[in-house]
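Engineer: Following this message is one structure expressed as structure tokens.
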Ligand code: URP
Ligand code: ZN
Ligand code: ZN
């Protein structure tokens with residue numbers, strides 16, 4: 001199959017220009033003016049539209065047993081939602097419990113995905129324990145194509161690791177060229193503050209952000225930075241939410257610590273007042289780190305524009321409001337954490353970031369695609385519009401106008417945190433390795449087309 005995308009304005013992380021793109025099979029084979037389509041090629045007229053490289057979400061949960069519940073999406077539903085929302089590759093967190101064998105966990109996460117995904121995918125391998133057997137097992141997982149790890153400095157007694165384990169994980173990563181992604185919150189402070197709040201009878205969803213204020217996250221970042229400096233490992237802070245944490249990360253970066261920074265679309269457009277909504281509505285907005293005071297939003301948008309913040313992800317973790325979030329009706333610590341947004345990230349970035357001039361189109365491509373590919377060893381196969389790159393392309397119609405609603409979303413969850421929000425622009429066509437997956441907001445691809453992307457470590 002071949003595709004000619006004609007006359008669109010191509011946007012990369014550093015430039016914009018009008019040209020045609022020709023894709024043969026799974027690959028981009030020509031870019032230039034007035035390309036001709038061979039007989040049988042599918043022609044997509046893109047005049048007046050942008051053409052972006054496929055977007056990459058570096059932080060997604062699909063199979064997630066967590067806080068007594070299972071996240072709702074399967075690969076089939078999540079990958080369709082990703083594609084409708086212009087994301088052509090996702091990286092899922094493989095999160096075994098401490099009792100699980102890492103290799104068995106990796107096999108389980110793979111078995112949930114292989115042959116069941118419409119978009120391409122990879123995993124960050126969660127290290128939730130580091131004992132005498134861990135290094136050999138991680139070596140096997142790296143040999144199978146994984147080049148990044150995930151650690152949690154939060155979730156005491158569940159995914160969280162202790163300092164000795166953190167130190168040994170980072171040393172292992174440094175010697176094997178891996179990058180370590182980390183959830184940074186001080187777990188002791190979180191659990192002590194939760195106990196205090198509950199003892200004082202404070203049980204509603206808004207107490208969640210009282211239990212983990214900005215300093216709790218900033219301390220986690222500082223902690224990780226100290227360990228990263230001592231070991232020399234490459235690190236990546238997931239879901240950075242506030243000015244205090246950014247300050248700690250940038251201080252470390254300035255003294256040579258190897259750190260990349262991810263924020264989330266939720267922190268850019270939502271704030272803690274949503275988690276304070278009455279009648280338990282706030283539970284829809286409970287995630288960790290929590291939504292922050294609105295003043296942080298300009299800091300985060302500014303960080304994306306300046307290049308201080310490298311990537312925008314979703315931390316997609318869909319739990320139903322009716323039957324799952326409600327587990328915390330009388331105790332905020334039992335509300336499964338997460339705000340689903342895999343489908344909305346790019347449209348929200350465009351509508352609430354590019355349109356009002358907070359970031360440029362190129363910065364959107366950089367932070368939601370190219371930087372992700374570069375950081376996680378996928379570039380230039382992904383994250384680029386270049387001859388030889390995968391034909392993962394987004395033809396984006398800036399004239400589209402729509403409204404977000406749970407009634408029309410592809411994500412398998414019973415609410416939208418953005419219900420009724422207006423969007424300007426959306427993908428009219430999305431391709432994954434040369435297959436058309438989306439037309440006019442509808443998934444038209446195949447749910448078995450997605451491939452596991454083998455990655456080779458580069459962060460020595
Ligand atoms: O609230 C969140 N972030 N849920 C998913 C798990 C995690 O911490 O990434
Ligand atoms: Zn996390
Ligand atoms: Zn996460």
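Engineer: Given the condition over 12 Å from the mean Cα position of the chain (by Cα) and in a loop (DSSP other than H, G, I, E, B), answer yes or no: does some residue in the range 360-371 qualify?
Structural biologist: Yes, the range 360-371 contains a residue that is over 12 Å from the mean Cα position of the chain (by Cα) and in a loop (DSSP other than H, G, I, E, B).
Engineer: Using the structure shown, decide if residue 166 is surrounded by 15 or more Cβ atoms within 10 Å (Cβ to Cβ) and either within 16 Å of ligand 3 (Cβ to nearest atom) or outside the structural domain of residue 232 (by TED's automatic domain parsing) (or both).
Structural biologist: Spelling it out, it is not the case that residue 166 is surrounded by 15 or more Cβ atoms within 10 Å (Cβ to Cβ) and either within 16 Å of ligand 3 (Cβ to nearest atom) or outside the structural domain of residue 232 (by TED's automatic domain parsing) (or both).
Engineer: Let me ask something additional. Determine if the range 65-78 includes at least one residue that is without any contact (Cβ under 8 Å) to a residue 60 or more places away in the chain, within 19 Å of the chain's Cα centre (by Cα) and in the same structural domain as residue 342 (by TED's automatic domain parsing). Walk me through how you get there before you give the answer.
Structural biologist: First, pick out the residues of the range 65-78 that are without any contact (Cβ under 8 Å) to a residue 60 or more places away in the chain: 65, 70.
Applying the additional criterion that residues be within 19 Å of the chain's Cα centre (by Cα) yields 65, 70.
Now narrow it down to the ones that are in the same structural domain as residue 342 (by TED's automatic domain parsing): 65, 70.
So far as the range 65-78 goes, yes, one or more of its residues are without any contact (Cβ under 8 Å) to a residue 60 or more places away in the chain, within 19 Å of the chain's Cα centre (by Cα) and in the same structural domain as residue 342 (by TED's automatic domain parsing).
Engineer: Something else about it: How do the pairs read when you match residues in the range 287-315 that are over 17 Å from residue 370 (Cβ atoms) with residues anywhere that are within 16 Å of ligand 3 (Cβ to nearest atom) and assigned to a strand (DSSP E or B), using Cβ under 6 Å and keeping only pairs 6 or more apart or on different chains?
Structural biologist: Matching pairs, first to second residue: 300/263; 314/57; 315/59; 315/264.
Engineer: Here's something else I'd like to know. Scan the range 148-190 residue by residue and report those that are out of contact with any strand residue (DSSP E or B) (no Cβ under 7 Å at 6 or more places or on another chain), assigned to a loop (DSSP other than H, G, I, E, B) and under 12 Å from residue 234 (Cα atoms). Step through it out loud before you land on a result.
Structural biologist: Taking the range 148-190 first, the residues out of contact with any strand residue (DSSP E or B) (no Cβ under 7 Å at 6 or more places or on another chain) are 155-158, 162-165, 167-168, 171-172, 174-177, 185-190.
Then keep just the ones that are assigned to a loop (DSSP other than H, G, I, E, B); that gives 155-158, 162, 177, 185-186.
Answer for the range 148-190, where residues must be out of contact with any strand residue (DSSP E or B) (no Cβ under 7 Å at 6 or more places or on another chain), assigned to a loop (DSSP other than H, G, I, E, B) and under 12 Å from residue 234 (Cα atoms): just 177.
Engineer: Here are 156, 202, 195: which of them is under 19 Å from residue 333 (Cβ atoms), within 16 Å of ligand 2 (Cβ to nearest atom) and surrounded by fewer than 22 Cβ atoms within 10 Å (Cβ to Cβ)? Show your work before the answer.
Structural biologist: Numbers: 202 fails: within 16 Å of ligand 2 (Cβ to nearest atom); 195 fails: within 16 Å of ligand 2 (Cβ to nearest atom).
So the residue among 156, 202, 195 that is under 19 Å from residue 333 (Cβ atoms), within 16 Å of ligand 2 (Cβ to nearest atom) and surrounded by fewer than 22 Cβ atoms within 10 Å (Cβ to Cβ) is 156.
Engineer: Assuming residue 67 fulfils every condition listed in (1) more than 16 Å from ligand 3 (Cβ to nearest atom); (2) touching a helix residue (DSSP H, G or I) at 6+ places or on another chain (Cβ under 8 Å); (3) more than 30 Å from residue 139 (Cβ to Cβ) apart from one, which condition is it?
Structural biologist: Among (1) more than 16 Å from ligand 3 (Cβ to nearest atom); (2) touching a helix residue (DSSP H, G or I) at 6+ places or on another chain (Cβ under 8 Å); (3) more than 30 Å from residue 139 (Cβ to Cβ), residue 67 violates only (1).
Engineer: Can you work out which of the residues in the range 320-330 that are outside any helix (DSSP H, G or I) and closer than 23 Å to residue 155 by Cβ is farthest from ligand 1 (Cβ to nearest atom)? I'd like the intermediate steps shown before the answer.
Structural biologist: Our first condition is that a residue be outside any helix (DSSP H, G or I); within the range 320-330, this holds for 320-324, 329-330.
Next, from what is left, pick out any that are closer than 23 Å to residue 155 by Cβ: 320-321, 323-324, 329-330.
Numbers: 320: 14, 321: 15, 323: 17, 324: 12, 329: 18, 330: 20 Å.
The qualifying residue farthest from ligand 1 (Cβ to nearest atom) is 330.
Engineer: Among the residues of the range 331-353, how many are away from ligand 2 (no atom under 16 Å from the Cβ), crowded, with 21+ Cβ neighbours inside 10 Å and in a loop (DSSP other than H, G, I, E, B)?
Structural biologist: Residues in the range 331-353 being away from ligand 2 (no atom under 16 Å from the Cβ), crowded, with 21+ Cβ neighbours inside 10 Å and in a loop (DSSP other than H, G, I, E, B): 2 in total.
Engineer: OK, next. So which residues in the range 271-321 are more than 15 Å from the chain's Cα centre (by Cα) and within 16 Å of ligand 3 (Cβ to nearest atom)?
Structural biologist: 285, 286, 290, 291, 319
Engineer: For the range 260-267, does any single residue satisfy the condition of being away from ligand 2 (no atom under 16 Å from the Cβ) and surrounded by fewer than 24 Cβ atoms within 10 Å (Cβ to Cβ)? Outline the logic, then answer.
Structural biologist: Residues of the range 260-267 that are away from ligand 2 (no atom under 16 Å from the Cβ), as a first pass: none.
Taking every residue of the range 260-267 in turn, none turns out to be away from ligand 2 (no atom under 16 Å from the Cβ) and surrounded by fewer than 24 Cβ atoms within 10 Å (Cβ to Cβ).
This table checks each residue for (1) over 22 Å from residue 337 (Cβ atoms); (2) assigned to a loop (DSSP other than H, G, I, E, B); (3) away from ligand 1 (no atom under 16 Å from the Cβ); (4) out of contact with any strand residue (DSSP E or B) (no Cβ under 8 Å at 6 or more places or on another chain).
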{"residue": "111", "(1), (2), (3), (4)": "yes, no, yes, yes"}
{"residue": "125", "(1), (2), (3), (4)": "no, no, no, no"}
{"residue": "129", "(1), (2), (3), (4)": "no, yes, yes, yes"}
{"residue": "137", "(1), (2), (3), (4)": "yes, no, yes, yes"}
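Engineer: Select, from 145, 115, the only residue that is under 21 Å from the mean Cα position of the chain (by Cα), surrounded by fewer than 17 Cβ atoms within 10 Å (Cβ to Cβ) and within 29 Å of residue 431 (Cα to Cα).
Structural biologist: Numbers: 115 fails: under 21 Å from the mean Cα position of the chain (by Cα).
Selected residue: 145, the only one of 145, 115 that is under 21 Å from the mean Cα position of the chain (by Cα), surrounded by fewer than 17 Cβ atoms within 10 Å (Cβ to Cβ) and within 29 Å of residue 431 (Cα to Cα).
Engineer: Suppose we keep only residues that are more than 10 Å from residue 385 (Cβ to Cβ) and surrounded by 15 or more Cβ atoms within 10 Å (Cβ to Cβ) within the range 15-26. Which one would you say is nearest to the chain's Cα centre (by Cα)?
Structural biologist: 26
Engineer: So, one more: Would you say residue 316 is surrounded by fewer than 21 Cβ atoms within 10 Å (Cβ to Cβ) and either away from ligand 2 (no atom under 16 Å from the Cβ) or more than 15 Å from residue 365 (Cα to Cα) (or both)? Spell out how you get there, then give the answer.
Structural biologist: Numbers: surrounded by fewer than 21 Cβ atoms within 10 Å (Cβ to Cβ): no; either away from ligand 2 (no atom under 16 Å from the Cβ) or more than 15 Å from residue 365 (Cα to Cα) (or both): yes.
Considered against the rule, which asks whether it is surrounded by fewer than 21 Cβ atoms within 10 Å (Cβ to Cβ) and either away from ligand 2 (no atom under 16 Å from the Cβ) or more than 15 Å from residue 365 (Cα to Cα) (or both), residue 316 comes out as no.
The values are calculated or read from the model by the stated rules, or taken from the named source; none is laboratory data. Since the model is a prediction, treat every value here as computed from it, not as a measurement. For neighbour counting, all protein chains shown are included, and Cβ atoms are generated from backbone atoms with ideal geometry for every residue, glycine included.
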